[in-house]
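Input: a single structure, listed below in structure tokens.
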Amino acid sequence: VVAGDGALARKTLANVKEVEARDAPVVVVSDGSQEVEGYADRVLSLPESHDRTVPILANLQFQLLAYHVADELGRSIDKPRNLAKSVTVE
């Protein structure tokens, strides 16, 4: 979950509660929204920055998360499965 203090924060919180009710782990990438962080199993904090840069910083957190999860699962990080299906070769 990317949690911010925008107009959609209330809807995001409702979605987080739905995920939590299904016993799924909740990872929150946040710039300080304490309300959503209270429902998270893990919080990845973002530095204080301009609202327009938050999505970029959150994306970096998700890329690192994906890298470390793949590494822990023993998956090939340099050769993802099914890549040929999404990349067209000329």
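The values are calculated or read from the model by the stated rules, or taken from the named source; none is laboratory data. All values reported here derive from a predicted model rather than from experimental measurement. Cβ coordinates were reconstructed from backbone atoms using ideal geometry, including for glycine residues, and neighbour counts include every protein chain displayed. The protein model used for the area step is the full one, side chains on, heavy atoms only, and it has no ligands, DNA or RNA in it. Shrake-Rupley method; radii C 1.70, N 1.55, O 1.52, S 1.80 Å.
Details
- Check on Val54, in contact with a helix residue (DSSP H, G or I) (Cβ under 6 Å, 6 or more places away or on another chain), modelled with pLDDT under 85 and β-branched (Val, Ile, Thr): no
- Conditions (1) open to solvent by less than 90 Å² (accessible area, probe 1.4 Å); (2) at pLDDT below 85; number of the one not met by Leu65: (2)
- Scanning region 24-80 for residues that are in a loop (DSSP other than H, G, I, E, B), among the charged types (D, E, K, R) and farther than 20 Å from Thr12 by Cβ yields Arg75, Asp78, Lys79.
- On the stretch given as region 30-68, residues that are closer than 30 Å to Lys79 by Cβ and among the aromatic types (Phe, Trp, Tyr) total 2.
This table checks each residue for (1) open to solvent by 100 Å² or more (accessible area, probe 1.4 Å); (2) in contact (Cβ under 8 Å) with a residue 12 or more places away in the chain; (3) within 23 Å of Val69 (Cβ to Cβ).
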{"site": "Val1", "(1), (2), (3)": "no, yes, yes"}
{"site": "Glu20", "(1), (2), (3)": "no, yes, yes"}
{"site": "Pro25", "(1), (2), (3)": "yes, yes, yes"}
{"site": "Glu35", "(1), (2), (3)": "yes, yes, no"}
{"site": "Gly38", "(1), (2), (3)": "no, no, no"}
{"site": "Leu44", "(1), (2), (3)": "no, yes, yes"}
{"site": "Glu48", "(1), (2), (3)": "yes, yes, no"}
{"site": "Ile56", "(1), (2), (3)": "yes, no, yes"}
